[in-house]
Amino acid sequence: MNSSKWIWRIVSVASIATTLVLLVGFIYAIKDVNAPQVVVEIERPSQPIGEGVADSMDNKKEYKIAAIGDSLAKGTGDQTGSGFVKRSVESLAKSSGKKTTLLNNLGINGLTTDGLVKKLDEEGVQYVLKQSDIIILSIGGNDLFQGAQLLSSAKGKSGESTGTTSTNSVQDVTAEKITSALPKASAQLKVALEKIRTINPDSYIIYVGLYNPFGDLKELKVVGNEAVTKWNNVALTTINKYENMTLVPTFDLFTHNLKRYLSTDHFHPNAEGYQQIANRIVQGIE
């Protein structure tokens, strides 16, 4: 009698277990129908990210170059009239062995970042930039150093810096003006760089960084160096977001060589100064 009870208990437990297994299976079946699992195969890129974004300079059969910006882009201060643009074109042609053409130099004396942003809306300017493989940009000096041309009055008759500024020059280029101009002008620089990138997404853009032409003048040395450093850092922040865009530094070139590389107006480079910038530009391209 006792053995019969145990047999029925075992049968009952087995039946319950079987029922539970079937019930769990049924629940998972319902879940799979209502919310089926999807297996997604991730397609691996055929080449590393970043490669093939744009043709490298090495793959181009020729270089078509345009320059845009202020008086430095135009070459003011160079008695030969070459500036860094023509010098860069000539040096690049020799070093690369490729046909190198200057499509147009759109440099304008006195141009500021605000003026540049407006120029970039002109159809003629956009046409030139769209045809270019390389775009060289110089802008910002007129924003930070307003009235710089008047500083020639601060120089001695021999053309060498006296180390002091006249009353008129201090009124036109002051620490306060340099500092106050920085926020708005640097914001416009960012807009200009992004506009050029939009106009020609495939071009190689070279921005010529600023130097402090008044590093030998007590009133403007420290504030000028600080403003130029901040300016160049703003440019780098924007440039680092894009492929094929670079900053060519000039601050270190001029800091200890102002007498050697500046023209007699104490603002623009002379022929030797422009050649040094051109060397940097060509290095940046190659």
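Quick notes on this structure:
So that you can scan it fast, the table gives a plain yes or no per residue for (1) closer than 15 Å to Glu219 by Cβ; (2) of a type in the set (Gly, Ala, Ser); (3) modelled with pLDDT under 90:
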{"site": "Asn104", "(1), (2), (3)": "no, no, no"}
{"site": "Thr113", "(1), (2), (3)": "no, no, no"}
{"site": "Val128", "(1), (2), (3)": "no, no, no"}
{"site": "Asp133", "(1), (2), (3)": "no, no, no"}
{"site": "Ser138", "(1), (2), (3)": "no, yes, no"}
{"site": "Asn142", "(1), (2), (3)": "no, no, no"}
{"site": "Asp172", "(1), (2), (3)": "yes, no, yes"}
{"site": "Ala192", "(1), (2), (3)": "no, yes, no"}
{"site": "Thr198", "(1), (2), (3)": "no, no, no"}
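- The set of residues from segment 231-286 being open to solvent by 10 Å² or more (accessible area, probe 1.4 Å), small (Gly, Ala, Ser) and assigned to a helix (DSSP H, G or I) comprises Ala271, Gly284.
- Residue check, Leu220 among the aliphatic types (A, V, I, L, M), at pLDDT 95 or above and crowded, with 20+ Cβ neighbours inside 10 Å: no
- Test: Glu226 is open to solvent by 70 Å² or more (accessible area, probe 1.4 Å) and over 20 Å from Pro183 (Cβ atoms): no
- The one condition in (1) at pLDDT 90 or above; (2) more than 16 Å from the chain's Cα centre (by Cα); (3) over 28 Å from Ala93 (Cα atoms); (4) not polar (S, T, N, Q) that Trp231 fails to fulfil: (2)
- Pairs meeting the criteria (first residue in segment 177-205 and among the hydrophobic types (A, V, I, L, M, F, W, C), second residue at pLDDT 95 or above and open to solvent by 80 Å² or more (accessible area, probe 1.4 Å), beta carbons under 8 Å, at least 6 apart or on different chains) are Ile199/Lys130.
- Restricted to segment 90-117, and to residues there that are more than 19 Å from the chain's Cα centre (by Cα) and in a helix (DSSP H, G or I), the residue that is surrounded by the fewest Cβ atoms within 10 Å (Cβ to Cβ) is Lys94.
The values are calculated or read from the model by the stated rules, or taken from the named source; none is laboratory data. On a predicted model such as this, the values are computed, not experimentally measured, just so you know. Every residue, glycine as well, gets a Cβ built from its backbone with ideal geometry; the counts of neighbours run over all protein chains shown. Keep in mind that these areas ignore ligands, DNA and RNA; they rest on the heavy atoms of the full protein, side chains included. Shrake-Rupley method; radii C 1.70, N 1.55, O 1.52, S 1.80 Å.
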